[in-house]
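Throughout, read-outs are computed from the coordinates displayed, never taken from laboratory work. Predicted, not measured: the structure shown is a model, and the values here were computed from it. Quick reminder, even Gly has a Cβ in these numbers, built from the backbone with ideal geometry, and neighbours come from all protein chains shown.
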Amino acid sequence: MSFVRPHGRATLQGWASGLTRGFFITFEGGEGAGKSTQIRLLAEALAAEGSEVVVTREPGGSPGAEAVRHVLLSGAAEPLGPTMEAILFAAARSDHVEQVIRPALGRGAVVLCDRFFDSSRVYQGVTGELDSNFMAALERVTINGAMPDLTIILDIDPQEGLRRAVARRGEESADRFEKETVDMHRRRREAFLDIARREPERCVVIDASLPPEEIAAQVLEIARRAMNSRREKDAKHV
Ligand SMILES: Nc1ncnc2c1ncn2[C@@H]1O[C@H](COP(=O)(O)OP(=O)(O)OP(=O)(O)O)[C@@H](O)[C@H]1O
Ligand SMILES: [Mg+2]
């Protein structure tokens, strides 16, 4: 987790100015899609405009949740089965929401989060084949109203994503999720696209095979538009 606080102001500045509370953007997509890269570029662009930007990630993002992240990504929770794994993800998310995300939004910051509940829906719900009612209940309790204003789904052919992830990692060993089969990653890609089709108000899909700068320009434009539309809605309700 890192904080970019160019001026330490409590109100939103730059493109985010005029919003009555913070703005919450999540980035989703498969391994190596470019989530971390795009979050860094958007954070820089928004901070340059004077917004307070909080960059965070899942699983993790708060001290309690980072401890759970280690258990999850090392594979130590795998023998406990997918239900227990989903509960651990939910516990980490709940801590992250209450300790980091909600306070930041309350201060008026723009929060950029690397993976959020859509990853749980896809990884545990779809490819973990958990009961959808159980997953929906877990999600509701965990986020407790902290719904993303915008979700950017970076869409990539899993083979290309995994190639990038392996190239970046070098000699380090793959984590628990990178090790799974390409077929599994393809099902996840479809599941992310399915979420975008069901929730077009919140989700935007971007072709992540493009060069990073082209994607960054699209992300900035989409974020700007989403903030403008929230600002207009807020103005009507004042
Ligand atoms: N649009 C792009 N085109 C080519 N390479 C890219 C692009 N975006 C990112 N990369 C490179 O691919 C690798 C993975 O990118 P990044 O870490 O941003 O992806 P990620 O979605 O965060 O991956 P992970 O799910 O493993 O965290 C990095 O080496 C990065 O420099
Ligand atoms: Mg990443």
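For the stretch 2-237, count all C-alpha to C-alpha pairs, find those more than 21 Å apart, and express that count as a whole percent of the total. The share of Cα pairs beyond 21 Å in the stretch 2-237 comes to 56 percent. Multiplying the residue separation of Ile222 and Ile87 by 0.36 nm and removing their Cα-Cα distance gives an extension gain of 45.3 nm. Comparing Phe23, Thr151, Gly108 along the charge dipole axis of the chain, the residue lying farthest to the positive side is Gly108, per the Cβ-charge model.
Per residue of the chain, the DSSP helices (runs of n ≥ 4 H) give a summed -39500 (n - 2.57) that works out to -15500 deg cm²/dmol at 222 nm.
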